[in-house]
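What follows is one structure encoded as structure tokens, with my remarks underneath.
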Amino acid sequence: MSPLDPRLSRRQLFRAGAGGALGLYGLGALGGCTVERPIDKPESTAPIKPEIDGDILLYNWAQYMDPAIKQGFSDKYGVEVNEINFDNLEAMVTKLRAGGQYDIIWPSTEYAYRLHQEGLLHRFDRASLSNADGISSFYDGGWWDPENEYTVPYAYYTTGIAWRNDIVSGMTGSWNDLTNPDGAGKMFILDDFQEAIGEANLINGWDLNTADPNELDVSKQTLLDQKEFARGISTNSTQNLVNGTAVIHQAWNGDIVNVRNQVDNPEDFSYETCKEGVPVGSDLMCIPITARSPGTALKFMDWVIQPDNAAQNVMWNGYPQPVDGGKQAFASLVKDEPSIDVNLEALGDGGMEYRLDNPDDRALWNQVWTEVKAS
Amino acid sequence: MSDRAFWSRFLLPGGLWLLLLFAVPICLVLALSFGYTDDLGRAVYSNTLANYTDAFDPLYIPVLLRSIGYALATAVLCLLLGYPIAYYIARYGGRRKHLLIALLVIPFFVNYLVRTYAWVALLADEGLLNSALKDVGLIDTGIQFVNTPYAVIGGLVYGYLVFMILPIYASLERMDGALIEAGKDLFGKPSRVFLHVTLPQTKQGILAGCVLVFLPAVGDFVSAQLLGGPDTYMVGNLIQDQFFAASNWPFGSALTVVMMLFLSIWMLGYLRSAAREARDPVAAGGV
């Protein structure tokens, strides 16, 4: 029988086509529906209390929490702490919207804001946590959570430039250092539309989050020029630096910690934040309304930000935690290269956050980034 | 019960599987391609054509042409590398034939993504290969292998080579070895025997191999993402970015549908050629 079986007559083909058309018509009934079925929301909107009410399931990035932290909580309170992982936020949110029952999730500020807008997060009183006083003032009334009732900060990172000081000289602490001539053909921009457009905006003196089409047009040209100069566009900054492909890399401070742990010559790797502005990113802990044990979840958050636990966790994952204990642990971790340790409170106006909560602005930024990458 | 009816029942599990987990998702992608993204970044089904007008933006033409170019180069390289391997194993593999085929297939037990990461470590500026070349004094500074179009094509060849070798091997196995003997008996030089006997006999294997390599290579995103540079952006990367970075599933779906239609044209071409061959091998260039 050949692939084009003559027995599959025209009539059969016609019928198959008609069936397909009917199916499509059926799909038309989906109009207006979101991809995920709306999930059942609890009627009560009273804030939850930190009290043990069952086992919990964490939905976190992989390798982001010391297993001993979970074990310690489990031993102390006699509940199970289980964990599953996601590898990008879009996938995490999709599963959550489809009704996934997780007790704690780790969104970025922008995703936390959106999830709250959708009514998918439990409300709680941050002050009800016994370790709330240790949280950095940077996280007091953030734009994504003005009343401190949906989020607790987990870790933060700054965006700057990592470079090989044995190959590149004349770095000036500016985003223009990305095109330092010593790095020609061996420079990388992060493959992240916000980080890339963000540094270009800062170079041009615009607001980090500008959505002015004319300003973005200039920033696009900045990126196209950088692209000419670059070796690549990549988020594998750790690997690119370790294997010698990059000598200048737009990078997150956690990456440079990892790089220095992996090479024989850590003193050759430097990191700077830039005077035009220091983008700060944060991962938060939130409790979805689908949580089975929201009380235990809140208690676990309190456990995570307890100073000794925070310190232990930072030593394990290498990311700064903006709470007492975590801050000091990170400072000791990077004492040989203090530039990696960015003091959030001291950043003042230099510390900036990405904030594209207007969908049109977000679409415009994505369009600019696609044009940069595609052309 | 007729034989046909008897065997047809066993189609049910596979058929259901394909319907539920293949046909339905494809229909959802098709439906979503007429949708939009709401203010909270959620994909919503609708009936807009905007995603399709966007998909035909001239901006994406170079991306598409680049993807086709890389995929064609990949298919040609796979053919040049794969044919002799398939030929050797089929003709001279002897008792070790199955072992050799197994050796070819074993690397493919390892995920493509992991193998591509291994390539990065191997080919980086201070990677294993460059270090070795420096140690033996062949070069002074590292050669730039990664982040080039060549690395992307190399990664694609590495990823899909086995899909070229296996169909060619199968067609060589099916071929009657006596035909080659006959060609030689007619005093054909080995090259002429190959061109006039072996090659036409394995044409369908070659075509199948080319289709199996070319089609997935056009839509590949792993190779360009890990081995590519600033100017190696492929259609697969564009689509992946719509889903995971831009939160624009409807546009990603529209691009997917356009690409599927485009690839179907090539697939149809192959099916027609295969059908012609089956009906009339001589006219189609066979013996």
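Observations, loosely collected:
- Any chance B:G69 is under 23 Å from the mean Cα position of the chain (by Cα), surrounded by fewer than 18 Cβ atoms within 10 Å (Cβ to Cβ) and either at pLDDT 95 or above or closer than 30 Å to A:A112 by Cα (or both): yes
- Region B:57-69 - residue that is touching a residue at least 24 places away in the same chain (Cβ under 8 Å) and not basic (K, R) and, of those, farthest from the other protein chains (Cβ to nearest Cβ): B:I68
Conditions (1) modelled with pLDDT under 90; (2) more than 12 Å from chain A (Cβ to nearest Cβ), marked per residue:
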residue: B:K97; (1), (2): no, yes
residue: B:G127; (1), (2): no, no
residue: B:N130; (1), (2): no, no
residue: B:D140; (1), (2): yes, yes
residue: B:F145; (1), (2): no, no
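- B:M164 being in contact with a Gly (Cβ under 7 Å, 6 or more places away or on another chain) and in contact (Cβ under 8 Å) with a residue 24 or more places away in the chain: yes
- Taking first residues from region B:170-186 that are of a type outside the set (K, R) and partners that are assigned to a loop (DSSP other than H, G, I, E, B) and at pLDDT 85 or above, the Cβ contacts under 8 Å between residues at least 6 apart in sequence or on separate chains come to B:S171/B:T202; B:L172/B:T202; B:M175/B:T202.
- Filter pass, B:R96 being more than 27 Å from B:L207 (Cβ to Cβ), of a type in the set (K, R) and either out of contact with any strand residue (DSSP E or B) (no Cβ under 7 Å at 6 or more places or on another chain) or without any contact (Cβ under 8 Å) to a residue 24 or more places away in the chain (or both): yes
- A:I69 being modelled with pLDDT of 95 or more, part of a loop (DSSP other than H, G, I, E, B) and either closer than 20 Å to A:A132 by Cβ or over 23 Å from the mean Cα position of the chain (by Cα) (or both): no
- Looking only at region B:30-66, and only at residues there that are of a type in the set (V, I, T) and surrounded by fewer than 17 Cβ atoms within 10 Å (Cβ to Cβ), the one that is farthest from the chain's Cα centre (by Cα): B:T48
- Some residue of region A:266-273 being polar (S, T, N, Q) and part of a helix (DSSP H, G or I): no
- Filtered residue count, region A:138-154, keeping only those that are assigned to a loop (DSSP other than H, G, I, E, B) and either surrounded by fewer than 21 Cβ atoms within 10 Å (Cβ to Cβ) or among the hydroxyl-bearing types (S, T, Y) (or both): 10
- Pick from region A:257-283, criterion within 14 Å of chain B (Cβ to nearest Cβ) and out of contact with any strand residue (DSSP E or B) (no Cβ under 8 Å at 6 or more places or on another chain), ranking: nearest to A:E337 (Cα to Cα): A:N265
- Residue match in region B:218-234 (condition: more than 30 Å from B:A118 (Cβ to Cβ) and within 14 Å of chain A (Cβ to nearest Cβ)): no
- Qualifying positions in region A:79-99 - in contact (Cβ under 8 Å) with a residue 24 or more places away in the chain and not in a helix (DSSP H, G or I): A:V79, A:E80, A:V81, A:N82, A:E83, A:I84, A:N85, A:F86, A:D87, A:A98, A:G99
- Here B:L271 fulfils each of the conditions (1) in contact with an Asp or Glu (Cβ under 7 Å, 6 or more places away or on another chain); (2) surrounded by fewer than 19 Cβ atoms within 10 Å (Cβ to Cβ) apart from (1).
- Each residue in region B:253-272 was checked for being within 11 Å of chain A (Cβ to nearest Cβ) and either assigned to a loop (DSSP other than H, G, I, E, B) or without any contact (Cβ under 8 Å) to a residue 24 or more places away in the chain (or both), and 3 of them qualify.
- Tally, over region A:159-175, of residues that are in contact (Cβ under 8 Å) with a residue 12 or more places away in the chain and either surrounded by fewer than 16 Cβ atoms within 10 Å (Cβ to Cβ) or in a loop (DSSP other than H, G, I, E, B) (or both): 9
- Qualifying residue in region B:22-39 (condition: without any contact (Cβ under 8 Å) to a residue 12 or more places away in the chain, away from chain A (no Cβ under 13 Å), closer than 20 Å to B:V257 by Cβ and assigned to a helix (DSSP H, G or I)): yes
- Test: residue in region A:274-288 that is modelled with pLDDT of 95 or more, farther than 30 Å from A:T210 by Cα and buried (at least 22 other Cβ atoms within 10 Å of the Cβ): yes
- Helices (runs of 4 or more DSSP H) fully within region A:295-375 counting 2 or more residues that are away from chain B (no Cβ under 14 Å): A:307-317, A:326-333, A:344-347
- Residue check, B:A217 among the small types (G, A, S), more than 16 Å from the chain's Cα centre (by Cα) and either within 30 Å of A:D191 (Cβ to Cβ) or outside any loop (DSSP other than H, G, I, E, B) (or both): no
- Count of region A:319-351 residues which are within 22 Å of the chain's Cα centre (by Cα), buried (at least 18 other Cβ atoms within 10 Å of the Cβ) and small (G, A, S): 3
- For region B:201-208, the criterion of being farther than 30 Å from A:F188 by Cβ, out of contact with any Asp or Glu (no Cβ under 9 Å at 6 or more places or on another chain) and outside any helix (DSSP H, G or I) is met by at least one residue.
- Residue within region B:248-264 that is over 28 Å from B:G41 (Cα atoms) and in contact with a Cys (Cβ under 9 Å, 6 or more places away or on another chain) present: no
- Just one of the listed residues (A:W206, A:W163) is more than 22 Å from A:V242 (Cβ to Cβ) and touching a helix residue (DSSP H, G or I) at 6+ places or on another chain (Cβ under 8 Å), and it is A:W206.
- When residues in region A:294-318 are screened for being closer than 29 Å to A:A98 by Cβ, among the polar types (S, T, N, Q) and surrounded by fewer than 21 Cβ atoms within 10 Å (Cβ to Cβ), 1 of them pass.
- Looking across region A:221-256, just one residue is more than 12 Å from chain B (Cβ to nearest Cβ), out of contact with any strand residue (DSSP E or B) (no Cβ under 9 Å at 6 or more places or on another chain) and crowded, with 19+ Cβ neighbours inside 10 Å, and that is A:T222.
- Restricting attention to region A:65-115, the residues that are within 14 Å of chain B (Cβ to nearest Cβ) and of a type in the set (A, V, I, L, M) add up to 8.
- Test: residue in region B:217-238 that is more than 30 Å from A:F229 (Cβ to Cβ) and touching an Asp or Glu at 6+ places or on another chain (Cβ under 9 Å): no
The values are calculated or read from the model by the stated rules, or taken from the named source; none is laboratory data. Source: prediction; values computed, not measured. Cβ atoms come from the backbone with ideal geometry, glycine included; neighbour counts cover every protein chain shown.
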